[in-house]
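To start, the structure under review is shown below, and the notes come after it.
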Amino acid sequence: MKSNLICMLITIVAYLLLMIIVGIVCSRKNKDVGDFYLGGRKLGPIVTAMSAEASDMSSWLLMGLPGVAYLSGVADAGWTAIGLAIGTYINWLIVAKRLRTYSNRCNNSITIPDFFSNRYRDDKHFLMGIAAVIILIFFIPYTASGFAACGKLFQSLFHIDYHVAMILSAIIIISYTSIGGFLAASTTDLLQSIVMTIALVILVCFGVSTAGGFGAVIDNAKSLAGYLSLTHLHDATTGGATDYSFLTIISTMAWGLGYFGMPHILLRFMAIKDSRKIKTSRRIASVWVVISMGIAILIGLIGNTLSANGSIAALNGSSEAETIVMQIATLLSEHGVLAALFAGLIFAGILACTMSTSDSQLLAASSSLSENLLHGVFKIKLTQKGSMISARLVLLVIAALSILIAWNPDSSVFQIVSFAWAGFGATFGPVMLCALFWKRSNKWGALAGMIAGGVTVFVWKFLIRPLGGAWDLYELLPAFLVGLLCIIVVSLLTKAPEKEMVEEFEAVQAECKQ
């Protein structure tokens, strides 16, 4: 193995060992299932902010977003980033504090299905059961996409067999998550966000230098038709530009709606120790998201310049373009031992993006099966020790299923991510907003909205969107609106909430205003 590859491998191995050590340290703080799944509601503002955003970004930040910018310019990547930035800020602004307060008051709910069931006094646990099944439907393949991304990374870098690389990556993630639980996932997410940030800075500095300066990057972008436009896409095949319509802009920005329904992000709001510190978390999270996505788009532009001046090979098609960060990191590794170590840190950053999402998804899916289905719906009684063992065993089962789904090396990572994001945003987003802000909503409306949103995601994705034209909308937008409409209509047509629920809602509202 070449010396630069050995240096990169050393950096990556050191990073992975650090993750396991964190898991072991955090395991000592897990006294019960509440600690394992929600960290005992003891997260500080910085950990809350950075773990929420690290678990949000996934490998999309260092692979998908730069790849889109590399091929087509700033429009598609830019409007997606704008939608996500707005969604991030609004989610922290209006949802975080109220969800922290409401979930604690609702029988100390430790999962999203728990909260829905307790909020609407669903004694039959219909909401809990359906919400748990939805989480399993979308999170198991979502987690599989993360395992697959790790496998492809090691395969492309060290020429290790994909299956071996994927399983080793999965074992690392499973190890620190099953040992340390939510606190380990959140703490490692903080560390991973730091690694991602360092990787982004190194990439920009080295890339701009190799491209011949920032001016050369801008000049190259200006020479490509539509590349710097927010209303046109650059067509790499023809060299021309195509219109990026207003309808497409709205559809792309709809990614931001997904935040209101993302269990692994919402759980961070529920876990913060002091709700008065949420403003601090919001500022940290919002600034980091805007800067990191902006830099990721810039890396795509830099990569295009490096292809134009011959520093790296031209990348054709989305799958090749998504490797732009790897290409730049590999180029960096050829400039000596120190540069190779920095390159290893960049690859560790790609791993960090993926792992920070996969660990959170594993916990959310595990809690849905163990706490909500086995304990909540099927009434299986276990001791505290038995519950902890059950939680870890369920996590291992879900991880095994994710490995099986990720077994095909040709599986699409980002299509799964996009579809799962739409699924959660449409099924949980409208219900969450109504549960927190509309006291007239009831369990029948919530149930109808959850089912209608989920069904619409599948119908729009596979039956309506292929029609093209005005129907070519990201499925999250129409599904979210259908779900919200169903909640409103069904809630108004059925019995109003009981006095106890209304008083609880008003008490939470008053507490959040303090």
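Brief remarks on what is shown
- If you sort the three axes of the alpha carbon gyration tensor as a ≥ b ≥ c, you get a/c of 1.5 or more for region 191-341 and a/b no higher than b/c, which makes it oblate.
- Around the amide H of HIS232, modelled in the peptide plane, lie the amide H atoms of TYR244, all under 5 Å away and 5 or more residues distant in sequence or on another chain.
- The accessible-area ordering, largest first, of the residues THR427, THR242 stands as THR242, THR427, per a 1.4 angstrom probe.
- When each of LYS273/LYS499; LYS124/LYS279; LYS42/LYS381; LYS29/LYS379 is checked by Cα-Cα distance, pairs over 32 Å: LYS124/LYS279
- Computed from Cα atoms, the angle from the helix 74-90 axis to the main principal axis of the chain rounds to 30 degrees.
- Cα centroids of region 220-253 and region 56-75: 15 Å apart.
- Ligands, DNA and RNA aside, ASP243 has an accessible area near 130 Å² when probed at 1.4 Å.
- Counting only Cβ charges, +1 for Lys and Arg and -1 for Asp and Glu, the dipole size of the chain around its Cα centre is about 1780 debye.
- Answer label, with percent of Cα pairs over 35 Å apart calculated from the coordinates and candidates (i) 42; (ii) 32; (iii) 38: (ii)
- For GLY240, the amide hydrogen comes within under 5 Å of the amide hydrogens of ASP235, counting only partners 5 or more places away or on other chains and with H modelled in the peptide plane.
- Ordered from longest to shortest, the equivalent ellipsoid semi-axes for region 102-208 are 36, 19, 13 Å, each the square root of 5 times a Cα gyration tensor eigenvalue.
- Over 24 Å [Cα-Cα, region 414-514], rounded percent: 33
- Other-chain or far-sequence residues with amide H under 5 Å of LEU224's (modelled H): none
- Inter-centroid distance (Cα atoms) of region 104-125 relative to region 445-514, Å: 18
- Whole-Hz couplings from phi, Karplus 6.51/-1.76/1.60, listed for region 272-288; x for Gly and Pro: 5, 5, 10, 5, 6, 8, 5, 4, 5, 4, 4, 5, 4, 4, 5, 5, 5
- Restricting region 205-302 to chymotrypsin sites (Phe, Trp or Tyr not before Pro) in coil, as DSSP defines it, with at most 14 other Cβ within 10 Å: none
- Considering only LEU363, GLY303, CYS26, and ranking their Cα positions along the charge dipole of the chain that arises from unit charges at the beta-carbon of Lys, Arg, Asp and Glu, the one farthest toward the positive end is CYS26.
- C-alpha center-to-center spacing [region 255-280, region 287-363] in angstrom: 28
- Working from label points 7 Å from Cα in the Cα-to-Cβ sense, the ALA496 to ARG283 distance is 4.2 nm.
- Positive-end residue of ASN408, ASN4, LEU16, charge dipole of the chain with Cβ unit charges: LEU16
- Solvent-accessible area, 1.4 Å probe, carbon plus sulfur percent, for the chain: 67
- Region 254-263 - phi-based ³J(HN,Hα) in whole Hz, Karplus 6.51/-1.76/1.60, Gly and Pro as x: 5, 3, x, 5, x, 4, 5, x, 7, x
- Backbone N atoms of region 96-135 closer than 14 Å to the 7 Å Cα→Cβ label point of LYS273 are not found in any residue.
- Accessible area per residue for the chain, computed on protein heavy atoms with a 1.4 Å probe, is 38 Å².
The values are calculated or read from the model by the stated rules, or taken from the named source; none is laboratory data. Because the structure is predicted, anything quoted here is derived from the model rather than measured. Positions of Cβ are generated from backbone atoms using ideal geometry, with glycine treated the same way; all protein chains shown enter the neighbour counts. Quick note on the areas: whole protein, heavy atoms, side chains included, nothing else; ligands and nucleic acids left out. Shrake-Rupley method; radii C 1.70, N 1.55, O 1.52, S 1.80 Å.
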